[in-house]
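This report refers to the structure that appears directly beneath it.
The values are calculated or read from the model by the stated rules, or taken from the named source; none is laboratory data. Computed from a predicted model, the values in this text were never measured in an experiment. Here Cβ is always computed from backbone atoms with ideal geometry, including for glycine, and neighbour counts include all displayed protein chains. Heavy atoms of the whole protein, side chains included, go into the accessibility calculation; ligands, DNA and RNA do not. Shrake-Rupley method; radii C 1.70, N 1.55, O 1.52, S 1.80 Å.
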Amino acid sequence: MKLNIHDRFSKELPADPNKQNTRRQVQKACFSYVTPKQPSKPSLVHANLDLAQQLGIVKEDLQSQDFLNVFSGVTTLEKSRPYAMNYGGHQFGHWAGQLGDGRAINLAEIKHKEHHLAIQLKGAGETPYSRSADGLAVLRSSIREYLCAEAMHHLGVPTTRSLSIIKSGDQVMRDMMYDGNAAYETGAIVCRVSPSFIRFGNFQLLAFRQDIGTLKKLTDFTIKHHFKGIEAGTKQAYIDFFREVSMRTLGMIMHWQRVGFVHGVMNTDNMSILGLTIDYGPYGWLEGFDPSWTPNTTDKQHKRYRYGNQAQIALWNLLQLANALYPLVNDAKAFEDVLNEFGPNHKLQYESMMRDKLGLHMAQENDMILFNQLNKTLVKTETDMTIFYRLLAEIKKDDHPSLMLNAINLAFYEEDLDDEVKQAWLDWFGNYKNRLLQESLTDLERKKLMHAVNPKYVLRNYMAQLAIDDAEKGDYTLVTQFYEMLKHPYDEQAEYNQWFAKRPEWARHRIGCSMLSCSS
Ligand code: AMP
Ligand code: MG
């Protein structure tokens, strides 16, 4: 296996001079060199050929000992030195100080054709940032990250990606629900890939420590390599950079809202500066549409990171980033102006997203009324979001509202609607029908548009759990099947119809399906 190494982060930014792998506060440095832990008996669970090819890795390499060794941490790449990044963050609204890559180890950056990508192992052992934890990851959370990042990519959602998942051969102790029932679980290592793994928290930590010199270096580095349209070197460049980060972040959130994804832990250390979905932990997919839903049991009380609050939280996180960048500009108004654009942009993008989801071409003044009425009706009875939008594309605009309602009936978890709910739906369909009749699109044209934004297949919470249950027994058939199916989430793929189905009742309260903790 030949990789064209072209490191920039570790070559251009200040390193921690201390080479010991001891837990500590790391000052005036963007990263610390660290060596991955030797896994006892690595074995491949799955590898991603499409992504491998972007790195210049060929099909034969995937089954090689070399591949297994490099992506499980047995051997390090000759021309590079692995390192862990230094960052801080706000966790659940509170400043948490230095966090850093506690169990992520960056191997190298690879340049191949038009791609320049960083590769990083998650779960490859402790680093100076591991604090009180072990630096490891379990198979269950690794499968969730591996499959979901790829599913998101193919849904068109900006995200980090997954190259490989390898069992380490080691056992890892975890208290899955934080209830005193710790047990050994199978250890695993995911290799993830991204143009950069820099987070809001990288900037925040430097600003908090008033290390403005390093903050400037990191910001200039980020602009130079990742925001090519911005000319570095002026104060305006930092504002333009911040505006671009805001736009990308908002764009990412709108995609999450469109597909029904709830990240679960939108702490500022989990916010990519590139606006990519990063750190798949206790995330979940809306099954029953419910803006107040979060899968994360750690957030059960306040539901800070619930589905319907994700845009607000993105804005709050951007405010923290603005505070961190402020010393480079010393002009609060410039940042405020950008932050003030977020709300109006959000409204515009939300309306546009909803029009797409509903197959509406022209913007109309009363659109928000139609959307709000829909959202209210969707929660009157438990309604599967994915199935609803997919089936909605099947209706004919000349149909009577009651026929339209029949067409989506399968989306209801309780298919016998009471009269009030039924009437609410008939009212909404009446309004939707009127709106459709003013559009020039044919039923078929509308269906095509809707199918392009409303996926048929997502990684439902219970599906990931089924894949995990089998993988724990050494059977990776479902991992492979879901990986393949989720490459084409908008296509009919009739052979996978069984996965176009509501969550089964047994999964409603099963841990891992509807409830997840941060333990991973
Ligand atoms: P997360 O909630 O997964 O985003 O993690 C927050 C912080 O805890 C980050 O600095 C992680 O690197 C660190 N962390 C999470 N799990 C572990 C672990 N098992 N070992 C070491 N550090 C961890
Ligand atoms: Mg994290």
Exclusive hit being closer than 20 Å to R355 by Cα and in a loop (DSSP other than H, G, I, E, B), set E415, E394: E394
When the residues of segment 426-443 are narrowed to those that are open to solvent by 80 Å² or more (accessible area, probe 1.4 Å) and not in a helix (DSSP H, G or I), which ends up nearest to N375 (Cα to Cα)? Q438
Quickly run through segment 144-160 and pick out the residues that are within 16 Å of ligand 1 (Cβ to nearest atom) and in contact with a helix residue (DSSP H, G or I) (Cβ under 9 Å, 6 or more places away or on another chain). R144, Y146, C148, T159, T160
With the structure loaded, tell me whether H255 is away from ligand 2 (no atom under 16 Å from the Cβ), farther than 12 Å from T159 by Cα, at pLDDT 95 or above and open to solvent by 20 Å² or more (accessible area, probe 1.4 Å) or whether it fails that test. no
Of all residues in segment 471-520 being open to solvent by 30 Å² or more (accessible area, probe 1.4 Å) and among the aromatic types (F, W, Y), which is farthest from S164 (Cα to Cα)? W506
Suppose the filter is under 23 Å from the mean Cα position of the chain (by Cα), within 12 Å of ligand 1 (Cβ to nearest atom) and either crowded, with 19+ Cβ neighbours inside 10 Å or modelled with pLDDT of 95 or more (or both); does A118 pass it? no
Among the residues of segment 182-204, is any among the hydroxyl-bearing types (S, T, Y) and over 21 Å from R8 (Cα atoms)? yes
Which fully enclosed helices (runs of 4 or more DSSP H) of segment 5-75 have 3 or more residues being in contact with a Ser or Thr (Cβ under 9 Å, 6 or more places away or on another chain) and not assigned by TED's automatic domain parsing to the domain that holds T480? 65-70
Being away from ligand 2 (no atom under 16 Å from the Cβ), acidic (D, E) and outside the structural domain of N375 (by TED's automatic domain parsing), is that true of even one residue in segment 266-285? no
For segment 385-425, enumerate the residues that are touching a helix residue (DSSP H, G or I) at 6+ places or on another chain (Cβ under 6 Å), over 22 Å from P504 (Cα atoms) and surrounded by 15 or more Cβ atoms within 10 Å (Cβ to Cβ). A393, I395, K396, K397, P401, M404, L405, A424, W425
Suppose we keep only residues that are part of a loop (DSSP other than H, G, I, E, B) and open to solvent by less than 10 Å² (accessible area, probe 1.4 Å) within segment 288-307. Which one would you say is nearest to ligand 2 (Cβ to nearest atom)? Y305
Considering only residues of segment 315-371 that are among the basic types (K, R) and open to solvent by 80 Å² or more (accessible area, probe 1.4 Å), which is farthest from the chain's Cα centre (by Cα)? K333
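Table: residues versus (1) surrounded by fewer than 24 Cβ atoms within 10 Å (Cβ to Cβ); (2) under 17 Å from the mean Cα position of the chain (by Cα).
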{"residue": "E126", "(1), (2)": "yes, no"}
{"residue": "A137", "(1), (2)": "no, no"}
{"residue": "D179", "(1), (2)": "yes, no"}
{"residue": "Y184", "(1), (2)": "yes, no"}
{"residue": "P195", "(1), (2)": "yes, yes"}
Would you call V58 away from ligand 1 (no atom under 14 Å from the Cβ) and either farther than 30 Å from Q171 by Cβ or buried (at least 22 other Cβ atoms within 10 Å of the Cβ) (or both)? yes
Name the residues in segment 76-95 that are within 16 Å of ligand 2 (Cβ to nearest atom) and either surrounded by 16 or more Cβ atoms within 10 Å (Cβ to Cβ) or in the same structural domain as I313 (by TED's automatic domain parsing) (or both), would you? A84, M85, N86, Y87, G88, G89, H90, Q91
